[in-house]
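Below is one structure, written out as structure tokens, with a few remarks after it.
Each value in this text was obtained by applying a stated rule to the coordinates, not by laboratory testing. Because the structure is a prediction, the values reported are computed rather than measured. All Cβ positions, glycine included, derive from the backbone under ideal geometry; neighbour counts span all protein chains shown.
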Amino acid sequence: MVDKNSPDESKIPRSLMKLKRTEFISKIELNLKEGKIPSDLQGHLFLIAPVGFANTPYGDGTPIFNGDGMIYRLDFDKPGEISLKSRIAKTPCYFADEATQTDERFKEYQFKNFGLGRFSLLLGLRNQVNTGFLTAEFSKEQTARLFITYDAGRPYEIDTDSLEVVTPVGSNKEWQSEVPISIILSFLNLRVSFPFPPVLSTAHPEFDEQTSEIFSVNYIRDPLDLLESTPLTPLFIDNIIKDLKKAPHAFTEFVEQNIRQLTGQGLINDDNPIIQFLNGAKNFLSRTYLIRWNGQDSFERWKLVLPDGLPVTIKQSMHQIGITEDYIILADTSFKFELEQLLDNVPVLEIDENLRRCLATRAQLPDTTLYIVNRQDLRSGQCSLSDEPEIEVIAQKITIPLELIHFRVDYKNPGGKITLHACHNTASDVAEWIHDSDTSAYNHHPTPQFLRGLMGSQMDIGRLGRYVLDGRKGVVLESKVIHDLQRTWGIGLSTHDQRNQLAPIRHIYLQSFGFRSELLTDFIYNLYKDYQYRLIPLEQLKKIQDEDRPPCLFRLDTQTMTIDDSYEFSIGQVISSPQFVPRTHSTHERDGYIFCTVISDKGDEIWIFNATKLNKGPICQLNHPSLDLGYTLHTTWLSSIGPRTADYYIPVREDYEINKEDELTKKLFEEAIYPNFERG
Ligand SMILES: [Fe+2]
């Protein structure tokens, strides 16, 4: 039997954990490795990938999703030629990060990797804008606008021609932070400014072409839920108590008595004054806002409440939202961000890494909660820059079995019926990556070092679902869920022809990661062994080791709910970032090409498939000696690009409130940040 724990025997390409951060500001022409470049390509394809940080080598154990965003653009301007341009997304916090690494004066402000995020205790959380795109064509007179996105930060608009970051969407005042930093700082009378507070949003906002509106979200999670989610909380509380022993006696006694009561009798105990306080604060602290933006002014927002008046509270994340002609669909998605995702590298507790992980994390929820808002109820919202009272809007709650990160919805909803296409990444946890302490679930040997930072294996087969929902009543009317024993292991990203928003989504192209037993660790196995909707029995999962499932590109027919075309890659390849590119004079929604990235130890490549004949294999493979991609994520396609013509702009100097007495932060902004955003 092959020892998968020997790096030499690994079927996972080592190059997956290596990349170059080189920016191709001047275009390079890709080399044709095999096949023929189609002569009827058109437009421009954009990809984005986290590419680590200048001072932190990729592959040191940091999760691969934690890194500066690199924007890549493929141009199809000349027949028979494909050129590439790329640029790192340089937001204000990017420059702050750079300065604190290189300038001794700012050393105490340094950002460090904390699990999935990058954080400076005195400055805040990096907004890496490394995940997805939003395209918006507000008017035919303007060039199409392009935004890059991140789950834990506001979107930024980029110039489609230069790829430079231009402006955030919404000023800092318009976004509400996960932690009420300004209140805490003024309460503690601290002079630090904390200019980059964490802001929770979605990596997939939506643009309505019919009404020229962008929809997004801004939510603040329930602090009690965060505490309840982890058995580590009592340990934290014990540590807090130790520190409090140094405080005045009467105060310590009060806090200790109440906190002990929490840990001893379970966290939810309504008699406890601290819980009473937290419960009272819950409605204030935990909230979810729907945002609508016209691309020019400050945005409008509504606070979401359930029909019984209680606020909508998000348990995991809102990675994706969807819009139809009459409804906005929000989802609590299967991408957790909890204590464990932040505790990595933090010597908070002097306990074994594995024990800490077991205590600090939990399996993701096996069901999906959807929230549906009727657009007719969105008359005018609270202006995000005013002190007007909040405006509430009711969201219908629907729970469907099986978790998801991504979904798409048909724009039309005849008779109030919403059609939702779901990618169920079942028992799969992108927020759990391979650590030093991980061992194989098969032979319990340590997992090879070079895999550290990659996400762990899924623990059941992925599924594809089509649901018909009654938007008015908030109920599921129909559902159809399928899987394929060879092709739906590790369903990831997807694409479809998005040129006609009004057309029902008939074909979706998806990429799957395959099943790779090397990534199945004891930790992941134990976390998901009791998965509620298991299809593949654990005994069978354990037998797959000698016949891993390779990655796949396939097409789903959403009417028949069948996979009607597919191409299987080799197990030594990892594919990502599928994107539909229509042919010139394309006549139907499959009349085009599917692009994807292919990473293997032979190098990183771009492959092109005929969208109607995936099973024939790639018609073209491209590479370049300098092309060393990161793990590329989402993509988009634009028919044309050009220097940005929109006026919307948030001036950086006015956007950040720097405490007058915080001389060092003032210096950091004056020297390292503002000069990069001066408009000529
Ligand atoms: Fe996504």
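Brief remarks on what is shown
- 20 °C / 1.002 mPa s Stokes-Einstein diffusion coefficient of the range 471-521, Kirkwood radius on C-alpha pairs, µm²/s: 150
- Diffusion coefficient, µm² s⁻¹, Stokes-Einstein with Kirkwood Rh over alpha-carbon pairs of the range 384-512 at 20 °C and 1.002 mPa s: 121
- If R0 is 22 Å, the Cβ-Cβ spacing of C383 and Y656 corresponds to a FRET efficiency of close to 0.55.
- Pairs from K20/K85; K18/K90; K397/K473; K11/K602; K18/K542 whose Cα-Cα separation, in the structure shown, is over 19 Å: K18/K90; K18/K542
- Fewest-first ordering of C620, C596 by other beta carbons within 10 Å of each residue's beta carbon gives C620, C596.
- Taking only Cα atoms of the range 393-465, radius of gyration then Dmax in Å: 18.2, 57
- Full-extension gain in nm, T399 to F450, via 0.36 nm per residue minus C-alpha separation: 14.4 nm
- q = 0.12, 0.19, 0.20 Å⁻¹: log10 I(q)/I(0) that the Debye formula gives for the range 572-648, counting C-alpha atoms only: -0.43, -0.89, -0.95
- In terms of the mean number of neighbouring beta-carbon atoms within 10 Å, the peptides 480-487, 166-173 order highest first as 166-173, 480-487.
- Annotation: extensible slack from E663 through L306 equals 124.0 nm (criterion: 0.36 nm per residue apart, minus Cα-Cα distance).
- The value of relative contact order for the range 1-117, using C-alpha pairs under 8 Å at least six residues apart, is 26 percent.
- In terms of packing, defined here as the mean over residues of other Cβ atoms within 10 angstrom, the peptides 500-509, 638-647 line up highest first as 500-509, 638-647.
- Simple spin-label estimate for K417 and H585 in nanometres, 7 Å along Cα-Cβ: 3.8
- Under the simplified labelling scheme, the K173-E547 pair shows an inter-label distance of 6.4 nm, with each label point 7 Å from Cα along Cα→Cβ.
- Gyration tensor verdict on the range 447-548 (Cα atoms; rounded if a/c is under 1.5, prolate if a/b is larger than b/c, oblate otherwise): prolate
- Taking 0.36 nm per residue of sequence separation and removing the Cα-Cα distance, the K27/E671 pair yields an extension gain of 228.8 nm.
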